[in-house]
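Trainee: Let me give you the structure first, and then I'll get to my questions.
Every number here is computed from the coordinates shown, using simple stated rules; none is lab data. Note that the structure is a prediction, hence the values are computed from the model and not measured. All Cβ positions, even for glycine, are placed from backbone atoms using ideal geometry, and neighbour counts span all protein chains on display.
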Amino acid sequence: MKKEDIIAIQQLLATPKKIAVIPHRSPDGDAMGSTLALYHFLLKLNQQPVVIAPNDFPNFLAWLPGSESVLIYENEKEKCTAVLQESEMIFLLDFNALHRTGEMEHVLSKLTAPMVMIDHHQKPDGFATYTYSDTSFGSTCEMIYNFIGYLGQKDLIDQTIATCIYTGIVTDSGSFRFPSTTGTTHRIVAELIDKGINNSEIHNLLFDNNSYNRLLLMGRALQNMKVFPEYKTSYITLTQKELDEFHYEKGDTEGIVNYGLTIKGIHFAAIFIEHKDENIIKISFRSQGNFDVNQFARDHFNGGGHINAAGGKSYENMKETVKKFETLLSQITI
Ligand code: 5GP
Ligand code: MN
């Protein structure tokens with residue numbers, strides 16, 4: 001992070017302010033972990049922070065300390081708009097472009113308060129006044145840990161803040177197995193454990209939290225999987241009808257895409273999930289090795305993300321979408 005940006009942010013935080021902290025739409029563990037970590041940190045600085053998520057967060061994150069105070073823009077548009085317009089400073093966490101906040105973009109783009117973007121995705125849009133962007137980090141939560149250090153306030157990290165930071169690190173690193181997991185990741189985690197986090201309990205809260213219906217939905221997803229050994233690729237589909245059959249709740253499809261990669265010899269996996277309410281097919285892409293799914297999602301499916309994990313969407317129906325995907329497979333090298 002640039003020295004002059006750190007000084008400018010220190011000066012802004014020297015006096016109490018109303019501060020809005022914003023994750024991306026459909027927030028994941030890193031988005032919620034980083035916004036809530038910063039929220040608790042700002043409280044300790046005697047600031048007046050509020051986390052405003054563009055839409056609801058999944059149930060498996062509802063135990064995070066402070067999650068009960070999070071405002072949901074799409075549920076309370078007028079109230080959230082008023083809070084945003086009154087904010088004297090804005091933090092944008094775990095996303096690289098304003099459109100990742102969905103409808104909230106229209107409110108955010110008109111605000112004049114100074115904005116700080118902290119993110120590990122490629123190609124930040126440069127919208128914020130201060131941008132701390134570094135794609136070498138596996139999670140925004142690691143960057144929040146550094147950010148607090150840059151401000152000279154590491155001593156303020158307590159068990160609550162550490163719990164939020166750990167949540168983002170463990171979820172975005174696939175429990176420390178993705179290549180973005182570094183020695184620094186483990187050194188940060190060592191310090192978080194020393195701050196008193198219960199890493200084993202956090203893991204249980206995050207991952208041993210299934211409903212029976214979710215397991216059945218997962219079973220259906222696995223049965224729907226198509227495998228193309230010649231293209232080292234597999235994909236899964238889930239229609240709205242199938243989601244309804246298993247009483248889908250937000251978060252139920254989280255992580256299912258990764259099962260495709262667990263097949264020997266498969267290096268590229270996708271999941272296509274029909275969302276009838278938004279008239280889109282939401283897509284997740286994962287890869288192992290050099291195949292750049294961020295580029296693939298940008299080029300063909302209105303999306304983006306990281307080299308080995310990205311997402312996108314299709315406005316065509318399921319049949320047309322998977323047909324397009326299958327056609328593309330013969331044109332790429334994995
Ligand atoms: P997931 O597949 O878990 O939703 O997302 C994987 C990664 O890709 C995450 O870092 C996420 O932020 C990013 N991502 C997911 N969907 C989109 C999208 O539609 N556009 C962009 N630019 N990034 C996405
Ligand atoms: Mn992230």
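Trainee: When only C-alpha pairs under 8 Å and at least 6 residues apart count, what is the relative contact order of region 212-329, in percent? Walk me through the numbers before you get to the answer.
Mentor: Details: 223 pairs, mean separation 22.1, N = 118.
Computed over region 212-329, the figure is 19 percent.
Trainee: Rounded to the nearest 5, what % of the DSSP beta bridges within region 217-283 are antiparallel ones? Intermediate values should be presented prior to the final figure.
Mentor: Numbers: 7 of 13 bridges.
DSSP beta bridges in region 217-283 are roughly 55 percent antiparallel.
Trainee: Check cross-link reach from K264 to the lysines: straight Cα distance under 20 Å, and skip same-chain residues fewer than eight apart.
Mentor: Candidates past the 8-residue exclusion: K226, K232.
Trainee: Separate question: With Cβ to Cβ distances under 11 Å as the rule, what net charge do the other residues near A97 carry (K, R +1; D, E -1)? Spell out each step's value before the answer.
Mentor: On the way: positive: R100, K123; negative: E105, D119, D125.
For residues surrounding A97, the net value is -1.
Trainee: If Lys and Arg each add +1 and Asp and Glu each add -1, what is the summed charge of the other residues whose beta carbon sits under 12 Å from the beta carbon of A113?
Mentor: Net of charged neighbours comes to +1.
Trainee: Same structure again: I want to check the label-to-label distance for D194 and Q153. Put each point 7 Å from Cα in the C-beta direction and report it in nm to one decimal.
Mentor: Spacing of the two 7 Å Cα→Cβ label points: 2.1 nm.
Trainee: Still on this structure, I have one more. What full-extension length gain, to one decimal in nm, is calculated for Q11 and T129 as 0.36 nm per residue of separation minus the Cα-Cα distance?
Mentor: Taking 0.36 nm per residue and subtracting the Cα distance, the gain is 41.1 nm.
Trainee: In a Debye calculation with equal point scatterers on the alpha-carbon sites of region 114-271 and no solvent, what is log10 I(q)/I(0) at q = 0.19 Å⁻¹?
Mentor: Log10 of I(q)/I(0), two decimals: -1.17.
Trainee: Among F60, L12, L36, which residue has its Cα furthest toward the positive end of the charge dipole of region 3-207, with +1 on Lys/Arg Cβ and -1 on Asp/Glu Cβ?
Mentor: L12
Trainee: Between L215 and T333, take the C-beta separation as r, use R0 = 51 Å, and let me know the FRET efficiency to the nearest 0.05.
Mentor: Values: r = 36 Å, r/R0 = 0.70.
Efficiency for this residue pair is about 0.90.
Trainee: Using label points projected 7 Å from each Cα along Cα→Cβ, tell me how many nm separate K110 and E278, to one decimal.
Mentor: Here the answer is 2.3 nm between the modelled labels.
Trainee: With 10 angstrom as the radius, rank F95, F178, F285, F325 by how many other C-beta atoms surround their C-beta, starting from the fewest.
Mentor: Working: F95 24, F178 17, F285 28, F325 21.
Result, fewest neighbours first: F178, F325, F95, F285.
Trainee: Let me ask something additional. I need the fraction of alpha carbon pairs in region 164-211 separated by more than 11 Å, rounded to a whole percent. Display every interim value, and only then the final one.
Mentor: Numbers: 775 of 1128 pairs.
The share of Cα pairs beyond 11 Å in region 164-211 comes to 69 percent.
Trainee: Quick one: if the Förster radius is 25 Å, what FRET efficiency do K2 and E103 give, using the C-beta to C-beta distance and rounding to 0.05?
Mentor: Numbers: r = 32 Å, r/R0 = 1.26.
That pair, K2 with E103, gives E of 0.20.
Trainee: Right, something else. Give the Rg/Rh ratio for the chain, taking Rg as the radius of gyration of the Cα atoms and Rh as the Kirkwood radius, to two decimals.
Mentor: Numbers: Rg = 19.8 Å, Rh = 20.5 Å.
On the Cα set of the chain, Rg over Rh gives 0.96.
Trainee: Taking the Cα centre of region 3-207 as origin, sum charge times position over the Cβ atoms of Lys and Arg (+1) and Asp and Glu (-1), and report the length of that vector in debye to the nearest 20. Intermediate results must be reported in sequence, preceding the final value.
Mentor: Working: 14 positive and 24 negative charges, 47 e Å.
Here the size comes out at about 220 debye.
Trainee: Local charge sum around H267 (other residues, Cβ-Cβ under 10 Å, Lys/Arg +1, Asp/Glu -1)?
Mentor: Working: positive: K232, R286; negative: none.
Net charge in that neighbourhood comes out at +2.
Trainee: Moving to a separate point now. Just want the ordering: M115, M143, from fewest to most Cβ atoms lying within 10 Å of their own Cβ.
Mentor: On the way: M115 20, M143 25.
Listing M115, M143 from fewest to most nearby Cβ atoms yields M115, M143.
Trainee: So which trypsin sites (Lys or Arg not before Pro) in region 110-181 pass both tests, a DSSP loop state and at most 13 other Cβ atoms within 10 Å of the Cβ?
Mentor: Details: sites: K110, K154, R177; in loops: K110, R177.
Those that pass, being in a loop and sparsely packed, are K110, R177.
Trainee: May I ask you to sort V293, V322 by Cβ crowding, counting other Cβ atoms within 10 Å and putting the fewest first? Write out the running numbers ahead of the final one.
Mentor: On the way: V293 25, V322 19.
Ordered from fewest to most neighbouring Cβ atoms within 10 Å, V293, V322 come out as V322, V293.
Trainee: For the pair T182 and E230, what calculated FRET efficiency results from E = 1/(1 + (r/R0)^6), where r is the Cβ-Cβ distance and R0 = 35 Å, to the nearest 0.05? List each step's numbers first, then the result.
Mentor: On the way: r = 34 Å, r/R0 = 0.98.
So the FRET efficiency works out to roughly 0.55.
Trainee: Another question about this same structure. Determine, at each q value in 0.13, 0.19 (inverse angstroms), the log₁₀ of I(q)/I(0) that the Debye formula gives when each Cα of region 62-184 is one equal point scatterer.
Mentor: Values returned for q = 0.13, 0.19 Å⁻¹ are -0.61, -1.25.
Trainee: Check the straight Cα-Cα distances from K123 and name the aspartates and glutamates below 17 Å, setting aside those fewer than 8 residues away within the same chain.
Mentor: In chain and number order, the partners are D94, D134, D292, D299.
Trainee: With the contact rule set at Cα under 8 Å and sequence spacing of 6 or more, what percent relative contact order holds for the chain?
Mentor: Details: 614 pairs, mean separation 40.6, N = 334.
So the answer I get is 12 percent.
Trainee: Report, in listed order, any pair from K110/K250; K276/K319; K110/K313; K241/K276 with a Cα-Cα distance greater than 18 Å. Show your work: numbers first, answer last.
Mentor: Working: K110/K250 30 Å; K276/K319 14 Å; K110/K313 26 Å; K241/K276 9 Å.
Beyond 18 Å between Cα atoms: K110/K250; K110/K313.
Trainee: Counting other Cβ atoms within 10 Å of each Cβ, which trypsin sites (Lys or Arg not before Pro) in region 267-317 have at most 15 and sit in a DSSP loop?
Mentor: On the way: sites: K276, K282, R286, R298, K313; in loops: K276.
Here the trypsin sites (Lys or Arg not before Pro) that fit, given the DSSP loop and packing criteria, are K276.
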